[in-house]
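Following: one structure in structure tokens, then a few remarks.
The values are calculated or read from the model by the stated rules, or taken from the named source; none is laboratory data. All figures in this text were calculated on a predicted structure; none of them were measured in a lab. Cβ: placed from backbone, ideal geometry, glycine included. Neighbour counts: every protein chain shown. Surface areas here come from the heavy atoms of the whole protein model, side chains and all, with no ligands, DNA or RNA. Shrake-Rupley method; radii C 1.70, N 1.55, O 1.52, S 1.80 Å.
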Amino acid sequence: MKLVFAGTPEVAVPALDALIASDRHEVAAVVTRPDAPAGRGRRLVASPVAERAEEAGIEVLRPARPRDEDFLARLREIAPDCCPVVAYGALLPKETLAVPARGWVNLHFSLLPAWRGAAPVQHSIMAGDEVTGASTFLIEEGLDSGPVYGVLTEEVRPTDTSGDLLTRLAFAGAGLLVATMDGIEDGTLHAVPQPAEGITLAPKITVENARIDWSAPALRVDRVVRGCTPAPGAWTLFRGERLKLIQAVPVLDRADLAPGELSAAKNNVYVGTGSHAVELLWVQPQGKKPMRAADWARGVRIVHGELLGS
């Protein structure tokens, strides 16, 4: 099939690479979000998908909105058979969905209908799921509600951050997306409607969602830290300034600290929760680089009974 691939962040690049490498399909163009300011100088930077497409000599389309007439005219001119999508980052209106003969097919990082929305991997970890996966489905106007072509499953490991899990799903999902394109092309694969039961939503994680509630159980604190790493980053307050928590592990044999109470030894830093303590392993003070929590604690000289979060 002739394909136009839509995607923006680094997590979409493995799928683009897999489609480029396929000997059954042609990636005629790529659709991505416009260049965005980044870094201290706030200069405009191309998306990872745009950079990879340009390296491969593939035309890159950067519509401000996917309903823009110039973009729609070029898309109709290319006349793709199908448009595979991975983390494009914009809603596709009806007139755009109607262009490819076989529709737009999204690779979504959950087992639909679970975790429909922008942040399925983060929500899966924060909810304590033991298994998640990826799904390919035909995009319709509803939120991730279209019929499903294929799925794969992936274990959620006890120490997984959302970054770890998303990386594994990106590479495994690339193979699923290519197999879906193959099945659509040869007519062996047909989309099946999603069940009406088991729908959960995964909206974007906000900075406030990533703030640690120290009255919550230790396992909940652990899941929020892992689910919000690397972005937007779990955090708390220490002496009125934001402290980012990069790695923390529950300590199930210690329950002598009040919620948020700090206890620092030579090589360990513990914080009380609503159940057991957690040990802080890596933190990032405001305006500084990530560091080992024990080094941070020595530098700030924690006072006995001092609290995080207030």
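Can you tell me which condition residue 270 does not meet? The list is (1) surrounded by 17 or more Cβ atoms within 10 Å (Cβ to Cβ); (2) touching a helix residue (DSSP H, G or I) at 6+ places or on another chain (Cβ under 9 Å), and all the others hold.
With (1) surrounded by 17 or more Cβ atoms within 10 Å (Cβ to Cβ); (2) touching a helix residue (DSSP H, G or I) at 6+ places or on another chain (Cβ under 9 Å) applied to residue 270, the lone miss is (2).
Among (1) modelled with pLDDT of 95 or more; (2) farther than 24 Å from residue 127 by Cα; (3) of a type in the set (S, T, N, Q), which single condition is residue 215 missing?
Tallying (1) modelled with pLDDT of 95 or more; (2) farther than 24 Å from residue 127 by Cα; (3) of a type in the set (S, T, N, Q), residue 215 fails exactly one: (2).
With the requirement that a residue be touching a residue at least 12 places away in the same chain (Cβ under 8 Å) and either open to solvent by 20 Å² or more (accessible area, probe 1.4 Å) or assigned to a helix (DSSP H, G or I) (or both), what does the range 157-172 give you?
Across the range 157-172, the qualifying residues are 159, 161, 162, 163, 165, 166, 167, 168, 169, 170, 171, 172.
Only one of these is surrounded by fewer than 16 Cβ atoms within 10 Å (Cβ to Cβ), without any contact (Cβ under 8 Å) to a residue 60 or more places away in the chain, farther than 23 Å from residue 231 by Cβ and touching a strand residue (DSSP E or B) at 6+ places or on another chain (Cβ under 6 Å): 59, 77, 69. Name it.
Just a single option satisfies the conditions, and that option is 59.
Please specify each residue of the range 92-139 satisfying the condition of being farther than 20 Å from residue 81 by Cα and small (Gly, Ala, Ser).
Of everything in the range 92-139, those that are farther than 20 Å from residue 81 by Cα and small (Gly, Ala, Ser) turn out to be 110, 114, 117, 118, 119, 124, 127, 128, 133, 134, 135.
Considering the range 176-208 alone, what residues qualify as being over 28 Å from residue 26 (Cα atoms) and not in a loop (DSSP other than H, G, I, E, B)?
Within the range 176-208, just 201 meets the criteria.
Checking the condition β-branched (Val, Ile, Thr) and more than 20 Å from residue 305 (Cα to Cα), which residue from 251, 207 passes?
207
Return the residue satisfying two criteria in turn: it lies in the range 80-121 and is in contact (Cβ under 8 Å) with a residue 60 or more places away in the chain and among the basic types (Lys, Arg), and of such residues it is least open to solvent (accessible area, probe 1.4 Å).
116
How many residues does the range 259-280 contain that are out of contact with any Ser or Thr (no Cβ under 6 Å at 6 or more places or on another chain) and touching a residue at least 40 places away in the same chain (Cβ under 8 Å)?
The qualifying residues number 10.
Answer with yes or no whether residue 124 is modelled with pLDDT of 95 or more, under 20 Å from residue 200 (Cα atoms), open to solvent by less than 60 Å² (accessible area, probe 1.4 Å) and within 17 Å of the chain's Cα centre (by Cα).
yes
If a residue counts only when it is more than 28 Å from the chain's Cα centre (by Cα), which strands (runs of 3 or more DSSP E) contained entirely in the range 231-306 have at least 2 such residues?
Counting at least 2 such residues, we get 262-264, 269-271.
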